[in-house]
Every structure is written in C-alpha cells, then in structure tokens.
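Here is the structure we will look at, set down as structure tokens.
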Ligand code: GDP
C-alpha cells in the first residue's frame, strides 16, 4: 500500500513531523520531488535535525529510505546529511538512490545565484540551491541522470557539450568565470564514487516491495500552492508538490496510492515572494513568528524569518482538494494558545465580490482577506492525548476549519514531538 504525506499550503506545515510519526508503521519512505531547497525539522529521541534531502524515515532502523527519480539530487549535501545524523548517534540508515534520479550540478547552484542577482528586485526569493536551473535542464533534456556517471566515454563528451552551452551564458549574460570541462569531469568522478554504494533501480525495488505487501510512504516537500501547475505561478517551485505526482517521482503505479495525508498548519506561514492573502505584519506577526513552530518560524534551510498570517480556509480548501486528500493532519495548534481571539480567513474579496474558490494568480494579487474571528482557548494544550480533553474553544476552532475546508481532520498535532498527536 502507498501513502503520501504532503502540504496544503506554502510548505512548512509540519510534514516532517507527521512523516517521522507515520514512518513508525511504514517499511519504505520515498522522497519524490524537490531538492535541498527546503527542509524538514524533526525532533526525536536523538535530538533535533534539519533534513533537506534525506527522507524523514532515516531515524528508524526498520525503514529503507529512497531518493526517487523525481528528486533534484545534490550529492555532496546528501553525503553531508548522512554523516551529520550518524555523528549524532543515529544508526547508519539504509538508503537507495534511483539510477534515473538527476544530479544538481555545481553550475546549477551558480546559475541560481547569478539569475537572482540579475533579476534584483524582481527576483523569486530562491534559496539558491540550484533547483530552478536544475529542472530547466531536466526538461530541456540536458540534465545528468545518476546512471550517466558510470559511463566515462559518454560523460566526457556530454561534459564538453554542457560547458560549451553554459559558458556562453556565463560569459555574455552573467559576466562570470567560465566552467572548465576537466574540472567538471573530475567533480563528476567524485560524485560517482560518493553515490555508487546507494544506486539501484528503485522503481523495481518498490514494485517488489508492493508485491510483498510492504507499506510505502511518499514524503512531499513544500505544498500545493508551490506546485508549478496548480500553485501561485510563477512564485512556485519547479517540481510538482502534489501527491499524485509522488507516484511518478517514485516510479509507482498511481492506483496504489490509497491514503493522502495533507498537512495544514493552524495558522499560515510562507517563505519567498508571492501573494499571501491572509498575511499579517508588525507586532502581531512578530509574536506569532516568535512563538510559532518549535523555536520560531524561521526557514530550515536559510534561517530567513517566515512571512506570517492567519489560517486561510480558501487556500487550504483548494490545497486539500488538489492533493486528493483522505486525511488532514492539523498541526501546531498548541502555538495559538496565547491568543484571546483568533482570526480565520474565510473568503477573498476580489473586485467587490467575495469568493471561497482559490483564484488564478492575477486575481489573487487583488484579493483582500475576509476574516471571521473565533474565541481563543487561552491555555497550554501540550500533553493532551484525547480529543475530548481539548478545551471547547480549541475543538470549535478545529471543527470550524474542518467544515470550511471540507476534508476530515483526523489528526491534531499539539507539539513538535513524535508522540504529540491526537487521533480523532
Ligand atoms: P515541514 O517542512 O512541513 O516539515 O515543516 P517544518 O520543518 O517547517 O516544521 C514546522 C516546525 O514546526 C518544526 O520546527 C516542527 O518541529 C514544528 N512542529 C511540527 N508540529 C508541531 C506542533 O504540533 N506543535 C509545535 N509547537 N511545533 C510543531
């Protein structure tokens, strides 16, 4: 059986924690898209970890972690991450990397930086991890699959072609140092030696696992609103963040996906540029940012302060619908315990009309939030294990949002730890 954990919004919904928790009952955890541009924060018995490339299942010794073909694989970062968790006493994880997975090249990272520099004020707020140049090359069919590292003759010839093309841009568009083909070739040899122990045909591995009745968990990065097709284009990421794409990015039959757990955070946050209708500012935002998540809402990869806002029912209803949600995991509810009243965005006013349907980007830019204010519960709900034991106003908040978004909230997360979870 295949399950997915994905985000309904802009990312940072708490997917890492939910995946880590669900991994207890899974055999295999697969990353299917994205790269080291976003991170998951996980708190468990070994400590606190920020993972960028490794699936969140690496902390169990009963699971296999798969980097699927859909991922933007940064080989040195993967190696660094493996070392960093082993150093902290986590048993060496069992990791498999798809032979069809493509590699983030050193020049992808440079091009990401140079392009953001060139765009100046019009930049995307990229994490400069090379993700957009990587996926551009993948779809322009000039990317490098892992398997290509193992054929020197073809590799040498391809490196020469790559340098020719990239160096035109470096010289004439960016005015930056050129790539030396011999150096690039040598770097790719280093990459080959680092990755060799992990490479295999992961879709065949997953197929066999399915036949043996194993449970496979697909772990999404970012959220619906960052999907290149269905998100707030162009302020999106470069690979699909949707659960159905998980089957493509892992190499699994789509009809095997039986459970989609969409993670929604009890308030909103976003990184990077782009419309964010329920955004708040000033002291109100600072306080929520400081209290948010586990130690504040700051990017796991960049440390940037996240943009903050109230829960957005319009965006989340759409976010859940596009994922094919079977279950909503509603996270970080404990953080809201300090508020007397909690505004919730229940509609968008666009050109004088109120809608609850998430619009296309040009209309989204004009949307103003319509808020409804709910009473707060003014207490600490951490440690509560049963839904009935939550304060009434907290249950009302959850049930109000459940009704607005139209998908069942089956899990409520009231703390960062694995066990801070209430099942309904
Ligand atoms: P992801 O990218 O979706 O995994 O999200 P993040 O890594 O940004 O996770 C959000 C942050 O919230 C992390 O610091 C988590 O440890 C923390 N977190 C997750 N669930 C909860 C929760 O229910 N309560 C609190 N207080 N923190 C949580």
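Here are the numbers:
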| quantity | calculated |
| --- | --- |
| Of the criteria (1) within 19 Å of residue 267 (Cβ to Cβ); (2) away from the ligand (no atom under 16 Å from the Cβ); (3) in contact (Cβ under 8 Å) with a residue 12 or more places away in the chain, which one residue 390 fails | (2) |
| Of all residues in segment 410-419 being in contact with a strand residue (DSSP E or B) (Cβ under 7 Å, 6 or more places away or on another chain) and part of a loop (DSSP other than H, G, I, E, B), the one that is surrounded by the most Cβ atoms within 10 Å (Cβ to Cβ) | 414 |
| Matching residues, segment 373-409, being closer than 30 Å to residue 46 by Cβ and buried (at least 16 other Cβ atoms within 10 Å of the Cβ) | 381, 384, 390, 409 |
| Hits in segment 270-279 (condition: at pLDDT 95 or above and within 15 Å of the chain's Cα centre (by Cα)) | none |
| Pairs with Cβ under 7 Å, 6+ apart, first in segment 42-57 and in contact (Cβ under 8 Å) with a residue 12 or more places away in the chain and closer than 20 Å to residue 215 by Cβ, second in a loop (DSSP other than H, G, I, E, B) and more than 12 Å from the ligand (Cβ to nearest atom) | 57/26; 57/63 |
| Test for residue 220: is it within 16 Å of the ligand (Cβ to nearest atom) and out of contact with any strand residue (DSSP E or B) (no Cβ under 7 Å at 6 or more places or on another chain) | no |
| Selection count, segment 54-67, where residues are away from the ligand (no atom under 13 Å from the Cβ), closer than 17 Å to residue 18 by Cα and part of a loop (DSSP other than H, G, I, E, B) | 2 |
| Qualifying residue in segment 110-129 (condition: more than 20 Å from the chain's Cα centre (by Cα), part of a helix (DSSP H, G or I) and surrounded by 22 or more Cβ atoms within 10 Å (Cβ to Cβ)) | yes |
| Residue list for segment 68-89, filter: in a loop (DSSP other than H, G, I, E, B) and surrounded by 15 or more Cβ atoms within 10 Å (Cβ to Cβ) | 68, 69, 70, 71, 74 |
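Yes/no matrix, rows are residues, columns are (1) assigned to a helix (DSSP H, G or I); (2) touching a residue at least 60 places away in the same chain (Cβ under 8 Å); (3) at positive phi:
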{"site": "293", "(1), (2), (3)": "no, yes, yes"}
{"site": "314", "(1), (2), (3)": "yes, no, no"}
{"site": "322", "(1), (2), (3)": "yes, yes, no"}
{"site": "346", "(1), (2), (3)": "no, no, no"}
{"site": "362", "(1), (2), (3)": "yes, no, no"}
{"site": "366", "(1), (2), (3)": "no, no, no"}
{"site": "373", "(1), (2), (3)": "no, no, no"}
{"site": "380", "(1), (2), (3)": "no, no, no"}
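The values are calculated or read from the model by the stated rules, or taken from the named source; none is laboratory data. The structure displayed is predicted, hence computed values, not measured ones. No Cβ is skipped: glycine too gets one built from the backbone with ideal geometry, and neighbour counts run over all protein chains shown.
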